[in-house]
Structures are given as C-alpha cells and as structure tokens.
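Colleague: Quick one: structure below, then a few questions.
The values are calculated or read from the model by the stated rules, or taken from the named source; none is laboratory data. Predicted, not measured: the structure shown is a model, and the values here were computed from it. Because the Cβ atoms are built from the backbone with ideal geometry, glycine has one as well, and the counts that use them run over all protein chains shown. Accessible surface areas use protein heavy atoms only, side chains included; no ligands, DNA or RNA. Shrake-Rupley method; radii C 1.70, N 1.55, O 1.52, S 1.80 Å.
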Amino acid sequence: MTSTTPAYVDVVFPTSVETPLTYRVPEEWRTLATPGKRALVPLGRRPVTGYLVGTRDRPPVSATKDLHEILDAEPLLDRHLLELTRWVAEYYVCSWGEVIRTALPPGIDSLTRQVVRVTEAGAAAMDGGSLLRPGERELVAFLRVRKDAPLTALARRWRRARGLVHGLARRGLVEITGEVRPPRIRPLTVAYCALAPAVDAEATPLPARATKQRAILRTLASAKGGLPRTDAAAGNPAALAALIRQGLVQVREVEVTRDPFASTVGQEPSDLPRELTVAQAEAVAPVRAALSERRFLPVLLHGVTGSGKTEVYLQAIAIALAQARQALVLVPEIALTPLTMRRFLARFGGRVALLHSGLRGGERYDAWRRIRRGEVDIVVGARSAVFAPLPRLGIVVVDEEHDPSYKQEEVPRYHGRDVAIMRAKLLRAPVILGSATPSLESFQRAQTGRYRMVRLPTRIEARPLPRVEVVDLRRVEGGDRLLSPPLCAALAECLKRGEQALLFLNRRGFSTLLLCQECGAVAGCPHCSVSLTYHAGRGRLRCHTCDFERRPPERCPQCQGSRLRYLGFGTQQLEAAVRERFPRARVARMDRDAAGTWQAADRILAGLEQGAIDVLVGTQMIGKGHDVPNVTLVGVVSADMALHLPDFRAGERAFALLTQVVGRAGRGDRPGLALIQTFNPDHYILRAVQAQDYGTLWEAESGLRRELGLPPFARAVLAMVSSPEASAAQRAAAELARLLLETGVRAGALSGPAPAPLYRVRGRHRWHVLVRGSEAGGLHTKVREAARRLRASPLSRGVRLDLDVDPASLC
C-alpha cells in the first residue's frame, strides 16, 4: 500500500549494488517524492545521487537514514521507462541504477567527493607528535597547510593515503565529509539585452557625444525580443554597460538550445512519398493494422540491398504521426545518423531530433529535454536512443537489426534491438526490424511465428543485384595481393567511365605488426595480448584494444637486432597503394582514424555522394546505409580475416558484413560489380555471398548450431573472469564453473573455463565460461546465484566478474 505523500522511498544507484536501499523522506520533501526523480541521499560517508524507483509507508528495517534533497521538480523517467529499465536490469543481470544512468543524459547528476580535514585533536597530535604513526605526520602536516583536500588528491600524492586517512578518522584526528558540486551539464543561458519599458531610442536624453550609446538604443529598438549581449554591444561593451547602469537597457538570461541541426528547426518537408511497389505495400499493411489496433507486432522486414526498406519505414512512420503518435528510429552506427537524419528531415520537416553518445554533452542534454517535452515527432539515434523519453511513442524502427553494434560492450550490456522490441511490447506498438541479412535469432523467430516476416525480394525498379566474382589469391603473386590484377583492371575501367568505387578492408593502420627477422620477436602491447599496429601518418605503433602507443624501436628490444620488418596491411597502406597506382584518382579513407567523429564521417560520405571522391577506402563504416548511384564497383581486399575468428557467430557475421558491402554497388541505372579477394575461394560463406543467398547461410549455420545447442536454439550467458594475476583469474573461473554446476546447470551446457581468445586486456588476464540453457529466466537465475556466491568467496579478491547475457561475440 502506497500513500500520496510517502514516508519512505526505495533508491537505486549507478553502481553494481543490485538491491534498492530504503530512505526516510523528511516531511518537507514528501509531496515531491515520486518515482522517476533523482535524490541526494547519504551512502556511506558521503552524499550521492540516487534514483527514486518506489515508495512505501513502512521501512523494511527499523534503522533508515533520511534523504537530503529531491533534485527534480518533475520525474525524469515516466512509469513506462521505469518499467523498461527494470526489465533491462533483470534480464541482463545488472543493477537497475546502472541502467537508469544509461537512460539519462550523462553529466546531469550532482558530483560528490570526499573531503578530508584535520580536527582539533589532529592538530594537537601534530604538535605533540606522540599519537601519529609513520606516514601519518606528513599527511596531517599537508592538511594543516591546505586546510582540507579531496581524498582522491591525497591518494594521488601518497600511495597508502586511503588507509592512512581512514585510520586517522577512526581515531578522531581527521574528519571525512561529503561535498556536493554542481552537475557538469546544465541548461545553457545567454544574456539578452532589450530596451527598458517606456524607453524611446530617439527621445531619451543622452550627452551629445554619446553617439555609441544612441546607436545601441536604436539597434535594440529594432530588435523584437532583444539581442544577445555581445550583438547588442556591437563592439562597444563600455557603452552598453553605461546604458545598463542608467536603467535604459535591461538584461535577462535566455536559455538557448545546443543543436547541431538547429538550422532545420521549422524546416518544411521537401521529399514527397513515393509510390510503393507491391512488395513494399504488403510490408506496410500489417504495420498499418497494428497501429490502428494499438497492438504489439514485431515485423522482420527482410529485403535485399537496395530494395527500398527506408521508404517502408518512412510511410509506416507517417501513419503513426497521423495518429498524433511519435516514432523512434535506431541505426547501428553513429556515423550513419546524419544521413538518416537528412532523409527524415526531408520527408517530415524540422520536428526530428538526433540523439546519440557522439553528441557533445550539452547537445545531448538539450535534445533529450526537447524530446521529453514532446517537441519532436521522430527521434533518430544509435543504440542508447532506445531510452529516448518519447511520451507518445507509437512505432519503433530498428534498421540493420542484425548489426552487432547494437550490443553494448560495457555495463549494462544490453542489446539495443531487443530492448527496442520490449519497449514496443510494453507500449503495444509495432516494431520494424529491417535487414538484408537478418540475424539468425530474428530469422528463427520469424520461422516459428513469433515475428511477422515480410520480404522485399528485388531491388527498386527491378535493378539487378551486383555481379560478384571471387579472386583466388593463391594464384596471385605476393606483391600483387593487396590490389590483384583483376581488381586493378576493374578499378581502371570504373575510373575511365567516370564512376566511383569502394575498397573494403576491415583493418585499420598501415602494417599489422613489426617483426624482428633475427629473433622472430613481434612488437606487442605491454598491457594486452595483441601485436601493435603501425600507423604511418603519426609514425607510431598503436594497440587497437587499449590505445597504448609508442614510437617504433630502432633495434629489437629482445635481441638488439637491426633487421626489423613491417608485415601485414591496413587501410592506410591500401590508400597509399591506390594513390600510387591511380595518381589522378581522388582517393579518401574512412575508418576510425580518419573519421573519429560523426561530423567527420558525414563530411566523407557527403563527398562521396557529391562525386568529389572517386575511390573510398575504408573499414566496415563504408558498408552500411549509404546509397550512392554512381558507385558501381566494390572491392573486398581481404575476406579471410572475417571467416576464421574463434567465435560461433563468425560465419553469420562475415556473411552479413560482406553482403552489405557488396550491396553498395549498382544502386543506380548502371550495373554493379563486386570482387572478393580470398585464399579460401570455396568457403561456404563466400559461396553464399557470391549467390547473395541468405537461405544457404541459414541451412548451414542453423544445422550446426542446433546440434551444438547454441543460439538461436538456446540462450547463452558469457561469464568473463579477469584479474591482474593470471592464477587468480584461473582459480576464480574454476570456482564459478563449480558453482554453476551446483545451481543446476548441466555439465553439457557449460563450455569452459578456458582462457579467453583475447587473453590479456589492459593488464588483466581473462578466463571465460559460456553457459547455455533452453529458457532465459531459469538460466539467468542460476547465473545470478552463482555470481553472487563467487563474489562472496575469498577467491573473488582482486577478481572482476562480468556477465554478458546473449553475447554478440566471444572475442
């Protein structure tokens, strides 16, 4: 039973603690204590920001602390988002507070820190000296000079500072208090100037020489609503300040919106709906019915590349908007959001918002607030936009639903596609999952009737799919394997016709390793079990796992030999080779080094669309979403690296990636050609890509996975145990496997413990255990219990346990 003015609230925190804590609500805060708000509450020795998730009349225990303050006038999360975030926490075996933090814009919570001060007893002990132990005297002396200092600053200065401080605090020689600091991200306000009431710019008496002041008054008189202070001053801040002192000009703070697409606000639609093909109309029909009936319907839109899936999205969303409802559109890569945003702005005008983690903090916060106020009809974003606070959400679209980028790698490890499906289910709304290469999970659910399958089997205007040819690198001389003779000939013809080409290589850098030819040593990362990649532009060796960098050594660190050789190749070397071979071609590169921000990626893709680029070299970023009619050639420089990863999803992922890349060719009036270079020309995945036949992939992969009890025919959780000490990680992984068996997991459903394929990352040794089960709820309960027991065990000291539900990768 819950009263309207609750005496107690349940609070969760953005930490690994999964259980809500109960706090008493002081009388003055009770009318504001509603779920979905933030509160400042005591946790240990300091005040922290927590999230209110429930209210109660009686506490579960007698001793409860008082909350300090309610931080929000209105809830930041409505009942629906609270329900969704709770489901995410339960399903993905993480804390509710961590999910809520992910759902909110970063940087809006009040910052707290522990501050240490010397007490009178501490000062006396310093003067007497008898009560202070080794190391304590230096710390207390430092504090006496500084008055106080953050505990984190002390920890940076003295290695044992935390232990010393807590020891001194127990003896009353120092005190530790919590200090609350303002949030990092807040609304942005700008000072606006306007004429004071009854002020006449011409009649107001001013000294004859005050010409600058008179000019400012005239400028403000012609500006309805006033001007920003800088504009009003017009280079004469002293004159403006004099007018303000005289009371002739008033200053007020006006909130401004930080929006990278601000110029589009109020934009009118410029793109009219196209006439649907028969297949497209059949795809829209079930969505239309679900919208009119307010019914949950997951639709798998399986359409070949270039078949017009985006037009299906646009027209389905138009139906929802006509019902005064809103739409959420997810794309897998932040780099794709500007392209998608422009398409939706052209069709629907300016009531479209962009939301993703690549925005600046203020831009993201302002977009989130616009969405929450109901000022937009459509939200376009990457994975995290699934939590956008749309109050009238009526339809959800997940483009390229198969893409592994929808899976978050850090806690909470949710899958954006699956959270989108649950969100639509909670709201009784349709959700469209679009892909030319559906995930095996989605395809299997469509096969069993859980999803509605609709197909777009041909390209728009009956354009043919690109012809795919496989180049056998075993028959090519070593020096020509980067750009084989067939690929060079096709490139030359393409450029001669004035057409464009894409060259795909899913590996950054110039050379993949530096080898000593005298002792065989490879330059490796000191923190990870990977080799360092050479980046020619910066002249540095770099780890692509932890971002460690160093200069290339002049001699081998192992044997001091001088015969060092760079081996392997990446996109930088490929770009250099194309420039050398085709010096008149306009060549660009698109990878994380060249396109580190979404704006940079947008500029490159815009250059491709406008014909300013003849050949675009890149990683998987070039293989998704964009539609450039003049691209007629795609070259896959090395298909083999995607085929042999130690992961049960390697084949599925390689098929999807290569099919998507190949599908960029021939989207206009001219036919497309794709060349795939490989040392394994008879591999079943490459044969399926060559035929562009999803059915071949399904038959091969589904049979193998059904036999091995792997997704989509089972549920899986990957438990990763890591520690700076190899033996500690191994012992803890073995203990976890034993505990899993104790909770009822069958031995046959357990793979491991075993060293992870990438064994060492950021100085931590990693062991993993893959747990499978037929039903998610039971499996997650057993894993949660085993994890709880391991964390309570002495073997967990110095060990971190990470749980990944429905893992997208084992690497």
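Colleague: Look at region 197-242 and say how many of its residues are among the hydrophobic types (A, V, I, L, M, F, W, C) and out of contact with any helix residue (DSSP H, G or I) (no Cβ under 9 Å at 6 or more places or on another chain).
Modeller: 4
Colleague: Could you check, for region 742-754, whether at least one of its residues is open to solvent by 60 Å² or more (accessible area, probe 1.4 Å), part of a helix (DSSP H, G or I) and either over 22 Å from residue 439 (Cβ atoms) or without any contact (Cβ under 8 Å) to a residue 24 or more places away in the chain (or both)?
Modeller: Yes, some residue in region 742-754 is open to solvent by 60 Å² or more (accessible area, probe 1.4 Å), part of a helix (DSSP H, G or I) and either over 22 Å from residue 439 (Cβ atoms) or without any contact (Cβ under 8 Å) to a residue 24 or more places away in the chain (or both).
Colleague: Can you tell me which residue is nearest to residue 215 (Cα to Cα) among those in region 234-249 that are small (Gly, Ala, Ser) and surrounded by fewer than 12 Cβ atoms within 10 Å (Cβ to Cβ)?
Modeller: Ranking the candidates gives 235 first.
Colleague: Is it true that residue 385 is among the hydrophobic types (A, V, I, L, M, F, W, C), surrounded by 21 or more Cβ atoms within 10 Å (Cβ to Cβ) and modelled with pLDDT under 90?
Modeller: Considered against the rule, which asks whether it is among the hydrophobic types (A, V, I, L, M, F, W, C), surrounded by 21 or more Cβ atoms within 10 Å (Cβ to Cβ) and modelled with pLDDT under 90, residue 385 comes out as no.
Colleague: If residue 509 meets every condition in (1) open to solvent by less than 10 Å² (accessible area, probe 1.4 Å); (2) among the small types (Gly, Ala, Ser); (3) in a helix (DSSP H, G or I) apart from one, which number is that one?
Modeller: Of everything listed in (1) open to solvent by less than 10 Å² (accessible area, probe 1.4 Å); (2) among the small types (Gly, Ala, Ser); (3) in a helix (DSSP H, G or I), residue 509 misses just condition (3).
Colleague: Another question about this same structure. Within region 338-360, which residues are open to solvent by 20 Å² or more (accessible area, probe 1.4 Å) and under 17 Å from residue 102 (Cα atoms)?
Modeller: 357, 358, 360
Colleague: For region 164-186, enumerate the residues that are more than 20 Å from residue 144 (Cβ to Cβ) and out of contact with any Pro (no Cβ under 9 Å at 6 or more places or on another chain).
Modeller: Once the filter is applied, which keeps residues that are more than 20 Å from residue 144 (Cβ to Cβ) and out of contact with any Pro (no Cβ under 9 Å at 6 or more places or on another chain), region 164-186 yields 181, 182, 183, 186.
Colleague: Moving on. For region 472-487: of the residues being in contact (Cβ under 8 Å) with a residue 40 or more places away in the chain and not in a loop (DSSP other than H, G, I, E, B), which is nearest to residue 629 (Cα to Cα)?
Modeller: By that ranking, first place goes to 487.
Colleague: Same structure again: Give just the number: which of (1) in contact with a helix residue (DSSP H, G or I) (Cβ under 7 Å, 6 or more places away or on another chain); (2) open to solvent by less than 10 Å² (accessible area, probe 1.4 Å) does residue 393 not satisfy?
Modeller: (2)
Colleague: Name every residue in region 7-55 that is among the polar types (S, T, N, Q) and touching a Lys or Arg at 6+ places or on another chain (Cβ under 8 Å), in order of residue number.
Modeller: Answer for region 7-55, where residues must be among the polar types (S, T, N, Q) and touching a Lys or Arg at 6+ places or on another chain (Cβ under 8 Å): 22, 49.
Colleague: Restricting attention to region 439-454, report how many residues are in contact with a Leu (Cβ under 9 Å, 6 or more places away or on another chain) and not in a loop (DSSP other than H, G, I, E, B).
Modeller: Number of matching residues: 8.
Colleague: Step by step: first the residues of region 173-188, then only those that are in a loop (DSSP other than H, G, I, E, B) and in contact with a Ser or Thr (Cβ under 8 Å, 6 or more places away or on another chain), then the one that is nearest to residue 138 (Cα to Cα). Which residue is that?
Modeller: 173
Colleague: Of the conditions (1) among the polar types (S, T, N, Q); (2) out of contact with any strand residue (DSSP E or B) (no Cβ under 8 Å at 6 or more places or on another chain); (3) open to solvent by 10 Å² or more (accessible area, probe 1.4 Å), residue 305 satisfies every one except a single condition; which number is it?
Modeller: Going through (1) among the polar types (S, T, N, Q); (2) out of contact with any strand residue (DSSP E or B) (no Cβ under 8 Å at 6 or more places or on another chain); (3) open to solvent by 10 Å² or more (accessible area, probe 1.4 Å) one by one, residue 305 breaks only (3).
Colleague: With the requirement that a residue be in contact with a Pro (Cβ under 9 Å, 6 or more places away or on another chain), open to solvent by 20 Å² or more (accessible area, probe 1.4 Å) and in a helix (DSSP H, G or I), what does region 83-132 give you?
Modeller: Residues satisfying the conditions are 96, 98, 101, 102.
Colleague: Sort through 587, 530, 522, 615 and tell me the only one that's open to solvent by 50 Å² or more (accessible area, probe 1.4 Å) and either more than 19 Å from residue 636 (Cβ to Cβ) or modelled with pLDDT of 90 or more (or both).
Modeller: Only one candidate passes the filter, namely 522.
Colleague: Restricting to region 196-223, name every residue that is of a type outside the set (Ser, Thr, Tyr) and either touching an Asp or Glu at 6+ places or on another chain (Cβ under 7 Å) or open to solvent by less than 40 Å² (accessible area, probe 1.4 Å) (or both).
Modeller: 196, 199, 201, 206, 210, 213, 216, 217, 220, 223
The rows are residues; the columns are (1) farther than 30 Å from residue 462 by Cβ; (2) charged (D, E, K, R); (3) not in a helix (DSSP H, G or I).
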position: 200; (1), (2), (3): yes, yes, yes
position: 231; (1), (2), (3): yes, yes, no
position: 255; (1), (2), (3): yes, yes, yes
position: 280; (1), (2), (3): no, no, no
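Colleague: Let me ask another. Answer yes or no as to whether residue 219 is farther than 30 Å from residue 363 by Cα and of a type in the set (Val, Ile, Thr).
Modeller: yes
Colleague: Of the residues that make up region 644-659, is at least one farther than 26 Å from residue 758 by Cα and of a type outside the set (Asp, Glu)?
Modeller: Yes, there is a match, as at least one residue in region 644-659 is farther than 26 Å from residue 758 by Cα and of a type outside the set (Asp, Glu).
Colleague: Hey, another quick one. Look at residue 379 and say whether it is of a type in the set (A, V, I, L, M, F, W, C), free of Cβ contacts under 8 Å to residues at least 60 places away in the same chain and buried (at least 23 other Cβ atoms within 10 Å of the Cβ).
Modeller: yes
Colleague: Among the residues of region 541-573, how many are surrounded by fewer than 16 Cβ atoms within 10 Å (Cβ to Cβ) and not in a loop (DSSP other than H, G, I, E, B)?
Modeller: Qualifying residue count for the region: 4.
Colleague: Also: Please return the ranges of strands (runs of 3 or more DSSP E) entirely within region 311-389 where 2 or more residues are hydrophobic (A, V, I, L, M, F, W, C) and closer than 23 Å to residue 183 by Cβ.
Modeller: In region 311-389, the matching strands (runs of 3 or more DSSP E) lie at 352-355.
Colleague: If a residue must be in contact with a Gly (Cβ under 6 Å, 6 or more places away or on another chain), at pLDDT below 90 and assigned to a loop (DSSP other than H, G, I, E, B), how many such residues does region 455-471 contain?
Modeller: Going through region 455-471 one residue at a time, the tally reaches 1.
Colleague: While we're on this one: Of everything in region 761-781, what is open to solvent by 20 Å² or more (accessible area, probe 1.4 Å), within 11 Å of residue 715 (Cβ to Cβ) and not in a strand (DSSP E or B)? Give them in sequence order.
Modeller: 774, 775, 777, 778 - these are the residues of region 761-781 that are open to solvent by 20 Å² or more (accessible area, probe 1.4 Å), within 11 Å of residue 715 (Cβ to Cβ) and not in a strand (DSSP E or B).
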